[in-house]
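What follows is a short report on a single structure.
The values are calculated or read from the model by the stated rules, or taken from the named source; none is laboratory data. Values in this document were obtained by computation on a predicted structure and should not be read as measured data. Cβ placement follows ideal geometry from the backbone for every residue including glycine, while neighbour counts extend to all protein chains displayed.
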Amino acid sequence: MKKRKLNYRFHNPNTVEATADVLLKVFIEANSKKVENAIQEAAEQISGENKSDEGHSA
């Protein structure tokens with residue numbers, strides 16, 4: 001059985017700017033949990049570095 005290649009076409013009546021805005025909002029919403037986790041990890045790493053620097057004060 002031969003596989004068919006799927007071909008999608010979308011009709012978009014919006015302006016380029018409006019389309020970009022909608023896509024940006026979708027991507028932000030879809031990745032918000034990943035961003036939140038990355039910020040939390042960075043904050044924990046900075047907090048850990050600051051605690052280790054407290055013992056080495058001049």
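Given the structure, is residue 49 acidic (Asp, Glu) and at pLDDT 90 or above? The answer is no for residue 49.
For segment 21-32, the criterion of being in a helix (DSSP H, G or I), without any contact (Cβ under 8 Å) to a residue 24 or more places away in the chain and among the hydroxyl-bearing types (Ser, Thr, Tyr) is satisfied by at least one residue. When segment 27-40 is filtered for residues that are exposed (fewer than 10 other Cβ atoms within 10 Å of the Cβ) and aliphatic (A, V, I, L, M), only 30 remains. Any idea which of 16, 22 is surrounded by fewer than 10 Cβ atoms within 10 Å (Cβ to Cβ) and either modelled with pLDDT of 90 or more or touching a helix residue (DSSP H, G or I) at 6+ places or on another chain (Cβ under 6 Å) (or both)? Only one candidate passes the filter, namely 16.
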